[in-house]
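Some notes on the structure that comes next.
The values are calculated or read from the model by the stated rules, or taken from the named source; none is laboratory data. It should be emphasised that the depicted structure is a prediction, and the values quoted were computed from it without experimental measurement. Every residue, glycine among them, receives a Cβ derived from its backbone with ideal geometry; neighbour counts consider all protein chains shown.
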Amino acid sequence: MVFFRPQPDWQLPERQITSEAAFWNRRKFLRSVLGSGLGLTATTLSACQPPRTLDPNLEATLGQPLGSLATDSAFADAGRPPTPQAYASSYNNYYEFGGTKRIWPNAQALPTDPWRLEVTGLVKNPQTYDLDDLTRRFPLEERIYRFRCVEAWAMVVPWIGFPMRRILEAVEPTAAAQFVRFTSYYDPQVCPGPAYGFALNLPWPYVEGLTVAEMANELAFFAVGVYGRTLPKQHGAPIRMVVPWKYGFKGGKALVKIEFVAQQPATFWNTIAPNEYGFEANVNPAVPHPRWSQATERLLGESTNLFNWETQPTVVYNGYGDYVAHLYA
Ligand SMILES: Nc1nc2c(c(=O)[nH]1)N[C@H]1C(S)=C(S)[C@@H](COP(=O)(O)O)O[C@H]1N2
Ligand SMILES: [Mo]
């Protein structure tokens, strides 16, 4: 197993954040070197990244050894250093627990043990997974992905989890299944978000959706961990969606149900404001949000003020076009 240890988050200087131009030059460089057969190893590729910290108890907690860092450069090298966990895990969107970015203390009320994730609908083998199944049934791997919120802030996150297609293989959707509906945990007794007033009368629970073909794409991922640890509750423990070529709202947290269906499902933000939050919601600098441009994005930074963060150009499909553009041809 290859892990790159550890420089504490707080030692990461701002200047290590690479510019977009440097990213694409390096990607081109890596492709040409890899293409030339010089055989760079994962270690060489990842030496471009600052090292990450792994919880020494992680493998015991997960109940299995963790595979090595993905050797596919798109899964291991986001072209920008991982965002320090101190920022990513304290600046969250999770409306069930409040309407600000600082909901992480509220989210600790999420009860994750025991847990049941039901996978049902148009499938041959419906399944119900408990908490242990989520970390033990499928081989786990670590992937470093770019993440882009529709609100135009962005980060880079080292997730731990398994490809969504493992679930497809387990349940075997029937030919009639075209879409997948993902439902998040919601209990009005536990989730104070709506009680703050801003989120009254919203269509709870939070529901997201993909096509079956999108779910089968090799980038589509279920995360059960992040930053070398099991998933903190504010990130959607014990299991959440990660769909890195789409805006962040497409990634439902704390999943309790996955249903295979024939028709495009109604989803949370798309129901609230269909002209602002499309069902497809692929990252695209050329399609502005009705209230702001998507041409640029700000890299999540230390300040609470979004407007102090470093600005970069947005990249179509968040840089993952090689993997997903064919889905939309
Ligand atoms: N259940 C649920 N899932 C959710 C949300 C939410 O409010 N509730 N917010 C979404 C949005 S808008 C974003 S940007 C990401 C944020 O993920 P993070 O807090 O782990 O960075 O979660 C998505 N998943
Ligand atoms: Mo978002």
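When A286 is tested against (1) at pLDDT below 95; (2) in a loop (DSSP other than H, G, I, E, B), just one condition goes unmet, and that condition is (1). Has segment 113-126 got any residue that is surrounded by 15 or more Cβ atoms within 10 Å (Cβ to Cβ) and either within 16 Å of ligand 2 (Cβ to nearest atom) or within 19 Å of L299 (Cβ to Cβ) (or both)? Among the residues of segment 113-126, not one is surrounded by 15 or more Cβ atoms within 10 Å (Cβ to Cβ) and either within 16 Å of ligand 2 (Cβ to nearest atom) or within 19 Å of L299 (Cβ to Cβ) (or both), which makes the answer no. Within the set K250, K257, the sole residue that is crowded, with 16+ Cβ neighbours inside 10 Å and within 14 Å of ligand 2 (Cβ to nearest atom) turns out to be K250. For segment 153-176, taking the residues that are away from ligand 1 (no atom under 15 Å from the Cβ) and part of a strand (DSSP E or B), the one that is nearest to G225 (Cα to Cα) is identified as F162. For segment 128-145, a residue qualifies if it is in contact (Cβ under 8 Å) with a residue 40 or more places away in the chain and surrounded by fewer than 15 Cβ atoms within 10 Å (Cβ to Cβ), and the qualifying residues are D132, R136, P139.
Can you tell me which of (1) more than 16 Å from ligand 2 (Cβ to nearest atom); (2) over 18 Å from N318 (Cβ atoms); (3) crowded, with 23+ Cβ neighbours inside 10 Å is the one A220 doesn't meet? Among (1) more than 16 Å from ligand 2 (Cβ to nearest atom); (2) over 18 Å from N318 (Cβ atoms); (3) crowded, with 23+ Cβ neighbours inside 10 Å, A220 violates only (2).
Let's see how each residue does on (1) away from ligand 2 (no atom under 16 Å from the Cβ); (2) closer than 23 Å to L327 by Cα; (3) of a type in the set (D, E, K, R); (4) surrounded by fewer than 18 Cβ atoms within 10 Å (Cβ to Cβ):
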| site | (1), (2), (3), (4) |
| --- | --- |
| W153 | no, no, no, no |
| R166 | yes, yes, yes, yes |
| E172 | yes, yes, yes, yes |
| R181 | yes, yes, yes, no |
| D187 | yes, no, yes, yes |
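Any residue at all in segment 189-201 that's at pLDDT below 95, crowded, with 23+ Cβ neighbours inside 10 Å and at positive phi? No, that holds for no residue. Of the residues making up segment 227-244, those that are touching a Lys or Arg at 6+ places or on another chain (Cβ under 9 Å) and either under 23 Å from H289 (Cα atoms) or within 9 Å of ligand 1 (Cβ to nearest atom) (or both) are L231, Q234, H235, G236, R240, M241, V242, V243, P244. Tell me, please, whether a residue that is part of a helix (DSSP H, G or I) and either crowded, with 23+ Cβ neighbours inside 10 Å or in contact with a Gly (Cβ under 6 Å, 6 or more places away or on another chain) (or both) can be found in segment 299-314. No, the conditions are met nowhere in segment 299-314.
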